[in-house]
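The values are calculated or read from the model by the stated rules, or taken from the named source; none is laboratory data. These figures come from a predicted structure and were not determined experimentally. Positions of Cβ are generated from backbone atoms using ideal geometry, with glycine treated the same way; all protein chains shown enter the neighbour counts. Just so you know, the surface numbers come from the protein's heavy atoms only, side chains and all, with ligands and any DNA or RNA stripped out. Shrake-Rupley method; radii C 1.70, N 1.55, O 1.52, S 1.80 Å.
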Amino acid sequence: MSTQNDKVVDWDVAVVGLGSMGSFAFWQLASMGVNIVGFDRYRPGHDKGAGHGETRIFRTAYGEGVEYVPLLQEARELWRQLEKETGVELYIENGGTMFGPADGEFITTVQESVKTYHLPHKKYTGEEARKVYPQINFQDYQVAIYEELAGYVKPELAIETAVNRGEELGGTVFTESPITAIEPDEDGVTIRTADKQYRVNQVVVASGGWTKELLPQINLPVTLERQVLVWYEAEDPKQFTAVKFPIFSRVSKGRGFYGFPTIDGKTVKVAFHHGGEEANHPNDVDREIHESDLNNLTEKVKKYLPGLIPTPVKAKTCFYTNTPDEHFVIGKSSRVPNVTLLGPMAGHGFKFAPIIGKIGAQLATGQQPTLEISLFNPDRFNN
Ligand SMILES: Cc1cc2nc3c(=O)[nH]c(=O)nc-3n(C[C@H](O)[C@H](O)[C@H](O)COP(=O)(O)OP(=O)(O)OC[C@H]3O[C@@H](n4cnc5c(N)ncnc54)[C@H](O)[C@@H]3O)c2cc1C
């Protein structure tokens, strides 16, 4: 119990959603010694939201905007901090190759990021890149930027580790406890489950694709987009280990194709970025895998990854929660007092989870975030 204007509250801060962002906010708040509770509608590490599928790309030379680089630099340190605190390996820094047409927006911004922040990297023509990474059939018209501060993180394990660490530090967790209503007022917030209600001073809402229904008064113009992850066997898996094979991401005209080194010693995961069907609610995302989900990706595998056997062996669905400008929604909205929004994350948020969690903890405890977040202002869509 804590107090609020001399009245007793159940906790100082509640985190609603212990997924990718919420789990890290929970850890950060618990690290600050805040009296904290976290709720999730499922068990952390589940596969119903956006934080599953074994691996997520981490990269610092950011094609989505140079402004993201300072956040990524601090995120990297915080990934290492959680690993140090728990002894769990979460981030494998095996390098990354971003490639695309030389004049493409993504590659141009990757190069601006590298230049502005002096990031360690190498630049190759398509022909040079094929010699260094023969696993990828780079095209002559493409350029490739190899960056050292890239690799992959392990989403399910990361979420579970952050929640467990937060609990160890004194936080309370309710799993399989959907919050049915968030009712903010000038003094604090009432939150409800199906059969209980609680009073807290502040709420951090990190409910991803469910945020629109939980906080309808903010009227977020977000849409869900189904995505499919597909695994292919490697002819010679030794060529695709993290030591030999960097994460890769090819983006052209807003669409992407990306992949990871093998983590099971047999298969390689690849996917398209964007191009999926839209949905209004997580329950409406089609979770079945269809022939049509696999065909185009298999064609890309044949074109770019000749060392993979072009027959899918496993596939999973997931969804993005997109914003109109493809930037995150982070911060306080003028429409709801005592609420901090951490997301939606516009389909590229996982790598940022630790720094977004830290920013959420700062905002919920009345501190000014140490990094610039005005790009993510939840009120920017209002007019
Ligand atoms: C296929 C795919 C590949 C991706 N690849 C990358 C990548 O390589 N690199 C990268 O950086 N990003 C990547 N992303 C994006 C990244 O994974 C997402 O931006 C991120 O996971 C979103 O996190 P979140 O916390 O907003 O949502 P989630 O992780 O979905 O968390 C939301 C949580 O809120 C809970 N919740 C919802 N409603 C309630 C409620 N009413 N009460 C209690 N709990 C509730 C849910 O159960 C869930 O646990 C990818 C996304 C997908 C789908």
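Residues in the range 203-214 that are more than 10 Å from the ligand (Cβ to nearest atom) and surrounded by fewer than 24 Cβ atoms within 10 Å (Cβ to Cβ): K212 alone. Mind checking whether some residue in the range 341-360 is at negative phi and away from the ligand (no atom under 16 Å from the Cβ)? Within the range 341-360, none of the residues are at negative phi and away from the ligand (no atom under 16 Å from the Cβ). Screening E167 with (1) touching a helix residue (DSSP H, G or I) at 6+ places or on another chain (Cβ under 8 Å); (2) open to solvent by less than 70 Å² (accessible area, probe 1.4 Å); (3) more than 12 Å from the ligand (Cβ to nearest atom) gives one miss only, at (2).
Could you please let me know if S252 is modelled with pLDDT under 95 and under 21 Å from the mean Cα position of the chain (by Cα)? Taking the combined requirement at face value, the residue satisfies it.
Among the candidates T172, T161, the residue that is within 15 Å of the ligand (Cβ to nearest atom), of a type in the set (S, T, N, Q), open to solvent by 30 Å² or more (accessible area, probe 1.4 Å) and more than 25 Å from F248 (Cβ to Cβ) is uniquely T172.
With the structure loaded, tell me whether Q217 is out of contact with any Pro (no Cβ under 7 Å at 6 or more places or on another chain), within 16 Å of the ligand (Cβ to nearest atom) and in the same structural domain as N296 (by TED's automatic domain parsing) or whether it fails that test. Taking the combined requirement at face value, the residue does not satisfy it. Scanning the range 142-153 turns up at least one residue that is among the β-branched types (V, I, T), within 16 Å of the ligand (Cβ to nearest atom), in contact with a Leu (Cβ under 7 Å, 6 or more places away or on another chain) and open to solvent by less than 60 Å² (accessible area, probe 1.4 Å). If the condition is being touching a residue at least 40 places away in the same chain (Cβ under 8 Å) and over 27 Å from Q135 (Cβ atoms), then the range 258-304 contributes E277, E278, A279, N280, H281, P282, D284, V285, D286. Candidates are the residues of the range 103-123 that are more than 23 Å from the chain's Cα centre (by Cα), open to solvent by 60 Å² or more (accessible area, probe 1.4 Å) and not hydroxyl-bearing (S, T, Y); the one that is farthest from G151 (Cα to Cα) is D103. Only a single item in (1) closer than 26 Å to H46 by Cβ; (2) within 13 Å of the ligand (Cβ to nearest atom) is not met by F257, and it is number (1). Residues in the range 46-65 that are surrounded by 20 or more Cβ atoms within 10 Å (Cβ to Cβ) and more than 9 Å from the ligand (Cβ to nearest atom): 4 in all. Among the residues of the range 17-39 satisfying the criterion of being more than 16 Å from the chain's Cα centre (by Cα) and open to solvent by 10 Å² or more (accessible area, probe 1.4 Å), which is farthest from N338 (Cα to Cα)? Among those that are more than 16 Å from the chain's Cα centre (by Cα) and open to solvent by 10 Å² or more (accessible area, probe 1.4 Å), it is S31.
For the range 282-338, taking the residues that are within 14 Å of the ligand (Cβ to nearest atom) and open to solvent by 80 Å² or more (accessible area, probe 1.4 Å), the one that is farthest from Q217 (Cα to Cα) is identified as K314.
Look at the range 123-138: where a residue is within 12 Å of P306 (Cα to Cα) and a partner is charged (D, E, K, R), sitting 6+ places away or on another chain with Cβ atoms under 7 Å, you get N137/R130; N137/K303; F138/R130.
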